[in-house]
Amino acid sequence: METQQTKGFWRRMAPALTLVVLAPMLAEVLPGATRTSALFVLPVEMGVWGCGALLIRAAVRHWRLGWRNMLLLSFALALAEEFVIQQSSLAPMVIQIVKGAPYARAFGVNWVYLLWALGYETVFVVFLPVALAELIFRDRREKPWLSKAGLGGAVLYFAVACFFAWFTWTQIARPKVFHVPAYVPPALTIEIGLAAIALLVLAAIGPARRLIARKVRPSMPPPPLIAGAFALIAAVLWYGLVLLGFNLRPDFPVPVAAAGGILLGLLVLIAFPRWAAHPNWRDAHAFAVIAGALTGSMGVGFIGFIGASPVDLYGKIVFDALALVLLIMLAVRLRRPAGGAGPSQSRS
């Protein structure tokens, strides 16, 4: 029989555990990057993505920082994944839609794929899961979710999961599943990646963190439906970058792809923080953005399931349908005022 103390423990841990699960679900499972037949990797993804997002949120809440600090830490996590852990932006792509010369690869880096990964992993691994978890637990969104023991456990889980992610992908999946040679990036490339990660973390939480955290100039947000539609369209367009990275159109001009991706990223970075800083920004806006971006990524992800096995295709349909049901249930709950919660997220 569950004791009151045990119930209290799980109640305290619920927001953190929810975020640890949400990060890989939003970034990997629901869009279809991790298929039903490969769900055995979910505990590793929870360690890398889930604990990574949880630790980033913990740092931002502990020092009372802003979205720019979270952005830099998210970039650092994405670079760790792409340069150190799974090294997907460094190794030759295991998937080429059209066989031939790799797309936008120079100096040992898959540049368009890297651009996609930085944006996608920043948004779908950190920003959206954190925002969604804070909507689910509105009464605790301004509070830290980790004790010192919890922080230590999250760091340990993250470190162990990073090793397993590196080993299983670079030493097992590439040579034995995709039948491509194991790839060892040049030491200099890894060192540059580690230096960039260190600089991003230092800028985000180092001595200059308050300068990074300064408030943005607010801008009147559009109605929630419009904000959500913008997020949906952005998610669909961003998917085009990864298709190019997988060599869908080898003849597509690389400068056009890169410029388009950078422009779209800048539009998102300019619009959403300014809207969220405005007093008229409400939970309905945040929910619409999350639902729009997630619906866009889930929908466009079906492109990758053309010719997929039935277990993977039907698994994606079931997971996505369940996610939509849960989103509808959350929308209904958000119509009720949260006890002690303000009308919007952090204004920084």
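The numbers here are math on the coordinates, done by the rules we state, and not lab data. Bear in mind that the values here come from a model prediction, so they are computed numbers and not experimental data. We place every Cβ from the backbone using ideal geometry, glycine too, and count neighbours over all the protein chains shown.
Apply the Debye scattering formula to the stretch 266-342, with a single equal point scatterer on each alpha-carbon and no solvent, then give log10 I(q)/I(0) at q = 0.12, 0.18, 0.20 Å⁻¹. Ignoring solvent entirely, the Cα scatterers give -0.50, -0.87, -0.96. One compactness figure for the stretch 109-190 is 1.49, namely its Cα radius of gyration divided by 2.2 N^0.38 Å. The gain in end-to-end length when the ALA149 to ILE270 segment is fully stretched comes to 39.8 nm, 0.36 nm per residue minus the alpha carbon separation. Between the listed residues THR170, TRP67, LEU114, the Cα displaced farthest toward the positive end of the dipole of the stretch 58-178, a dipole computed from Cβ unit charges relative to the Cα centre, is found at TRP67. Counting only the Cα atoms, the stretch 125-236 fills a convex hull of 212 Å³ per residue. Helix 67-79 and the longest principal axis of the Cα set of the chain meet at an angle near 30°. Normalised by 2.2 N^0.38 Å, where N is the number of residues, the alpha-carbon radius of gyration of the stretch 1-86 equals 1.27. For a modelled paramagnetic label at PHE163, 7 Å from Cα along Cα-to-Cβ, the residues of the stretch 73-115 in reach, with backbone nitrogen under 15 Å, are 85. Counted without the sites themselves, the longest stretch of the chain free of chymotrypsin sites (Phe, Trp or Tyr not before Pro) in a DSSP loop having at most 14 other beta carbon atoms within 10 Å is 184-348.
Within the stretch 19-109, the trypsin sites (Lys or Arg not before Pro) that combine a DSSP coil assignment with at most 11 other C-beta atoms in a 10 angstrom radius are LYS99. Over the chain, the reciprocal of the mean inverse Cα-Cα separation, the Kirkwood hydrodynamic radius, stands at 21.0 Å. Which entries in LYS215/LYS316; LYS148/LYS176; LYS7/LYS215; LYS7/LYS143; LYS99/LYS316 show an alpha-carbon gap greater than 31 Å? Beyond 31 Å between Cα atoms: LYS215/LYS316; LYS148/LYS176; LYS7/LYS215. For the stretch 1-144, the Kirkwood radius over C-alpha pairs fed into Stokes-Einstein at 37 °C and 0.692 mPa s yields D = 198 µm² per second. Around the Cα centre of the stretch 212-327, unit charges on the Cβ atoms of Lys, Arg, Asp and Glu (plus for the first two, minus for the last two) sum to a dipole of about 540 debye. Add +1 for every Lys or Arg and -1 for every Asp or Glu among the other residues with Cβ under 9 Å from the Cβ of GLY301, and state the total. So the environment of GLY301 carries a net charge of 0. Considering only LEU313, LEU19, PHE246, the residue lying farthest towards the positive end of the dipole of the chain is LEU19, judged by Cα position with unit charges set on Cβ. Farthest towards the positive end of the charge dipole of the chain, among the residues ALA276, PRO129, VAL236, is the Cα of ALA276, using unit charges on the Cβ of Lys, Arg, Asp and Glu. The fewest-to-most ranking of SER74, SER37 by surrounding Cβ atoms within 10 Å reads SER37, SER74.
Between ALA196 and TRP10, the simple label model (points 7 Å from Cα in the Cβ direction) yields a spacing of 4.3 nm. Electrostatic tally near MET329: other residues with Cβ closer than 13 Å to its Cβ, Lys and Arg +1, Asp and Glu -1, net +3. For the chain, a crude dipole built from +1 on the beta carbon of Lys and Arg and -1 on the beta carbon of Asp and Glu, taken about the Cα centre, is about 1240 debye to the nearest 20.
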